[in-house]
Structures are given as C-alpha cells and as structure tokens.
1. Just checking, how many residues over the stretch 65-104 are open to solvent by 40 Å² or more (accessible area, probe 1.4 Å) and in a helix (DSSP H, G or I)?
2. Being at pLDDT below 95 and within 12 Å of the ligand (Cβ to nearest atom) is the filter here, so list the residues in the stretch 100-151 that pass it.
3. Just to be sure before I move on: is Tyr315 hydroxyl-bearing (Ser, Thr, Tyr) and open to solvent by less than 20 Å² (accessible area, probe 1.4 Å) in the structure I sent?
4. Given the conditions (1) open to solvent by 40 Å² or more (accessible area, probe 1.4 Å); (2) under 19 Å from the mean Cα position of the chain (by Cα); (3) not acidic (Asp, Glu), which single one is not true for Arg155?
5. Going through Glu145, Glu107 one at a time, which residue ends up being open to solvent by 60 Å² or more (accessible area, probe 1.4 Å), without any contact (Cβ under 8 Å) to a residue 40 or more places away in the chain and assigned to a helix (DSSP H, G or I)?
6. Among the residues of the stretch 203-221, count how many are within 27 Å of Val193 (Cβ to Cβ) and either touching a helix residue (DSSP H, G or I) at 6+ places or on another chain (Cβ under 6 Å) or within 11 Å of the ligand (Cβ to nearest atom) (or both).
7. For the stretch 414-429, enumerate the residues that are modelled with pLDDT of 95 or more and either closer than 7 Å to Thr385 by Cβ or of a type outside the set (A, V, I, L, M, F, W, C) (or both).
8. Against the definition (without any contact (Cβ under 8 Å) to a residue 40 or more places away in the chain and among the hydrophobic types (A, V, I, L, M, F, W, C)), how does Leu112 come out, yes or no?
Amino acid sequence: MKILGISASLRNRRFAYKNELIEQIKSIQNLNGIKSFVEEQVKITFDEIENLNKDLSFEEKYKQLKKHKGNRGLSNSEASLVYALWQSYRNDVDIDYLSLSNIFENENKNKLNFFKKKFLSSDAILISGPVYFGDRGSLTQRMIEFINSDKQCIRHVKKIFYAGLAVGAKRNGGQETTLIFQMTDFLNMGAKVVGNGHDTTSQYGGTLVAGDIGKVQGDEYGIRTALSTGENLAKSLKDFNQTHNKNKQEDRRSIKKPKICNVFVMQDNEEEECTKVINSFVKNNRNNNVKFNIFKVYKEKVYRCIACDLCPTSYGDKNNYRCIINNKDDFFKLYHQEIINCDSFIFAAYSGENFYNINSNYQQFIERTRYLRRDDYTMGSKLVTSFIVSEVNSNRNLHIRTLTSLIRHKNILSKPLLVFKNNNTYINIDSVKKNFKNFVKDIENIKSQKEENTYVPIGYEISYKGFLNR
Ligand SMILES: Cc1cc2nc3c(=O)[nH]c(=O)nc-3n(C[C@H](O)[C@H](O)[C@H](O)COP(=O)(O)O)c2cc1C
C-alpha cells in the first residue's frame with residue numbers, strides 16, 4: 001500500500017525526479033526529529049534566497065532560485081506534506097513524493113508520463129497546496145484536469161483514497177473552502193475521501209497558516225492537523241484494504257455476517273419520491289452480504305439539539321442512549337442502538353425547488369448527531385454517502401452539505417448519489433444505478449470493528465472538565 005504525497009506549490013524546492021526526500025523522511029524516528037529536519041531545510045531555503053545577488057531583479061532572482069531546485073530545501077506546502085507523510089509512514093504505509101511544479105509548470109509528454117506512472121502506482125494521494133483566492137492553485141487544477149482527461153487515470157482514481165492539506169497566509173484564509181472544493185472533485189471522480197483524525201477534532205483535512213517561506217514551521221496547531229491527516233489516511237486505507245483481502249478468504253469459506261447499511265431519509269415530498277427511489281435501488285441490489293435498514297426520518301419526531309454542555313450526559317456504554325433530550329417519541333431516543341450499530345450510512349433527501357409539500361427533519365437530524373460525535377465518534381469510521389433526488393433547479397447542494405457534516409464524524413466519504421428530476425422524469429437514473437452498485441460493493445470491503453477514537457473537546461470548557469474526570 002502506498003500513499004503518493006503531492007506538493008502543489010510553485011515555490012517547491014524539491015525536484016519531482018530522483019530526489020531523496022522520501023529516504024530522508026523514512027529515516028527520522030520521532031517528532032522532534034521531523035521538526036528539526038523541517039527547520040534545517042527551511043534554513044537552507046532561506047540561505048539560498050539570502051545568498052542571491054541583491055541587485056538582481058525579482059524575475060532574475062526567481063530564475064536563479066529555480067536552478068537551485070533539487071535535493072534540498074522545502075516550501076511551506078512541502079514542509080506540511082513532510083509532516084503528514086512521516087506520520088503515514090509511522091502507521092505502516094509506504095510513501096512516495098511528487099512535486100507538481102516540475103510536471104505542470106511547463107508540461108511536456110515525458111513529464112506527463114512521469115506523473116501518470118507515479119499516480120497509477122499509488123493507493124492513495126495526499127495533496128498539499130497553497131490557498132489561492134480561497135481555492136486551490138492552478139497546478140492542482142491542471143492535475144485534476146489531466147486525471148480527468150486520461151482513460152487510465154480516470155479508471156485508477158476510482159480505486160484510490162484522497163486527503164488534503166491546504167496552506168494559506170492567514171487564519172480563515174480559505175483553507176477549508178479549498179479542502180471542500182478539492183474533496184468534491186475527488187468524490188465526483190470516484191475516490192474515497194477522508195479528513196484529519198480524531199486527535200485534531202476531525203475536520204476536512206490539514207489547515208496550515210504560512211505565507212512567507214518557512215513560516216509554516218511556526219504553526220503548531222496546523223502541523224498537528226497535517227500529522228493527523230497523514231495518520232487518518234494511512235489507517236483508513238489499511239482498514240479498507242485489509243478487510244478486502246480478508247473478505248476474499250472468508251468468501252471461500254462462505255460464512256459471513258452481512259454488513260449493515262442504514263439509510264436515513266431525512267427529507268421527502270408528499271409522494272415520498274426519495275424513499276421510493278432508494279427502495280427500488282435497495283431491492284435491485286439485494287445480496288447476502290449487505291443488509292439495508294431504511295428509516296423514514298421525515299415522518300418521525302426529531303427534537304432540536306439544545307446545545308447543552310453536558311454532551312453526552314455521562315460516559316459509559318455507547319449502546320446506551322445518553323443525549324439530554326428525553327422525549328419518549330424522539331427518533332434518536334427510540335432508535336439509538338439501530339442508528340449506531342452498522343457499517344455504513346446513506347443520508348438521503350428530496351431536494352425541491354421550493355418547500356411546498358416537503359416534510360423535513362434534515363437540519364434537526366444533522367445537529368442531533370452531536371452527542372454521538374462527542375461520544376468518541378460513535379458514528380465514525382463508516383463508509384458513507386449522500387443520496388439526493390433533486391429537482392434540476394433546486395441547487396441546494398444537499399449532496400455536499402451532508403458529506404461535509406459526515407466527514408466531521410470521521411467517516412470515509414464516497415461519491416454522492418445525485419438523481420436529477422426534470423418534468424417528472426429522472427434524467428440520469430442509469431448512471432446513479434451504476435454508482436449505487438459500486439457503493440454496495442465497497443460496503444463489503446469496510447472493516448466492521450470500529451477503531452478507538454477519542455473526542456477532544458475544543459471550545460466547551462465545562463464538558464472538558466467532565467471529560468478529564470471520566
Ligand atoms: C495568487 C495568490 C492568491 C492567494 N490567496 C490566498 C488566500 O485566498 N488566502 C490565504 O490565506 N492566502 C492566500 N495566498 C497566500 C498563500 O496561500 C501562502 O503564501 C502560502 O504559504 C503558499 O504556499 P507555499 O508557501 O507553499 O507556496 C495567496 C497567494 C497568491 C500568490
């Protein structure tokens with residue numbers, strides 16, 4: 001299993017070809033070691049800039065610096081990537097490195113072939129790149145265009161995992177928007193997507209603050225999110241593939257417990273179209289290895305989260321319902337055990353152009369999952385997707401909104417399933433059927449046993465004290 005780390009900055013210091021970065025990362029034994037290594041490399045980069053003739057124009061300096069590229073120094077994006085890759089390697093997954101500036105800045109056939117070879121031999125990619133206007137830079141964009149224009153790459157991207165790191169010059173500079181846009185691209189191409197891990201509160205990936213060369217080294221928390229992303233990607237990749245191999249062995253013995261997929265229909269119209277469509281998909285994909293439970297959440301009573309600071313109300317067995325909302329008819333109180341005991345989730349909804357005749361518990365449902373997240377990610381480590389039946393002009397982005405909420409439960413995201421409806425016709429039903437089938441196949445490959453994830457409360461002091469006392 002191999003993770004290909006991709007750095008997408010024009011300021012990269014390492015050559016794409018024949019560089020020793022990976023050997024250097026692999027030889028480092030502990031966190032202090034990796035910090036010193038980055039420090040040293042940043043200093044080399046500084047010295048190279050300092051040593052340039054002061055009388056040169058910026059353009060000349062830029063050209064000179066390009067000539068120095070090779071086996072020393074690090075850009076901020078590269079430094080962030082180094083932390084993440086080091087942590088992936090510490091979690092027993094092989095690593096590789098690729099600089100995009102050497103490939104796509106002045107592309108030619110040989111360079112593209114080089115990229116392709118690296119990409120096709122990876123099981124996962126970890127992209128670290130600058131935030132430009134709240135989005136990725138043009139090198140990453142060009143890479144995505146290239147992957148999407150090559151048949152082998154298009155096939156391969158469906159088999160891989162993706163995670164990202166975004167480096168901006170400021171806090172709230174658009175690191176999260178960059179990660180969400182990038183995540184959406186990789187989901188749409190068919191890759192499985194993960195964010196950073198439970199130790200840094202499980203968000204969309206690594207978010208780092210840098211700016212001038214070497215500045216990233218001062219962003220202690222950002223570095224932790226990079227380390228955590230590297231670890232989460234490695235662990236998720238292993239959980240998926242190991243089970244895949246195990247499944248094959250179990251298949252031969254033909255005794256296997258079915259995997260459970262819970263479908264929550266959170267919003268539907270009066271005709272219950274979303275429920276009907278998902279029911280027909282489930283019926284057509286019946287097999288002994290996956291069991292579906294469909295919950296008509298839009299017909300249930302889902303009380304709002306009251307944002308209490310005792311969440312969950314106590315610590316103990318996860319099978320016991322421990323949200324402060326205690327109304328007898330509350331959906332979570334009624335079905336707590338069924339909700340959590342599964343391997344996969346589908347969050348489903350009907351998305352109308354307006355809200356005439358729509359029954360919705362969508363937002364209440366999402367917010368009420370808080371007690372599960374805070375109970376050490378009880379809803380996490382599952383393969384998840386969104387299933388939306390959307391009127392063509394509804395434009396509510398529910399397929400993305402559900403997934404950005406689900407990544408915060410530390411799940412593995414899969415391609416959203418989005419059925420478009422125009423004039424009472426589902427216009428893309430065949431392609432969604434195909435994607436649904438792939439999703440069901442993937443459910444079989446996910447590990448049933450949940451790994452231990454500790455929720456780290458940030459921003460709620462009272463809960464934090466309770467958390468320390470447990
Ligand atoms: C064209 C351009 C647009 C930028 N836009 C943003 C931005 O929207 N938000 C931000 O935080 N930083 C922005 N930056 C700053 C870079 O993200 C920052 O310098 C980062 O460290 C670049 O990564 P690198 O040092 O690895 O090249 C921008 C820089 C450039 C050149």
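1. 4
2. Within the stretch 100-151, just Ser101 meets the criteria.
3. So Tyr315 fails the test.
4. (2)
5. Glu145
6. Looking only at that region, the number is 9.
7. Ser414, Lys415, Pro416, Leu417, Lys421, Asn422, Thr425, Tyr426, Asn428 - these are the residues of the stretch 414-429 that are modelled with pLDDT of 95 or more and either closer than 7 Å to Thr385 by Cβ or of a type outside the set (A, V, I, L, M, F, W, C) (or both).
8. Criteria met by Leu112.
The values are calculated or read from the model by the stated rules, or taken from the named source; none is laboratory data. Source: prediction; values computed, not measured. Every residue, glycine as well, gets a Cβ built from its backbone with ideal geometry; the counts of neighbours run over all protein chains shown. Ligands, DNA and RNA are stripped out before the accessible areas are found, and what is left, the full protein with its side chains, is counted by its heavy atoms. Shrake-Rupley method; radii C 1.70, N 1.55, O 1.52, S 1.80 Å.
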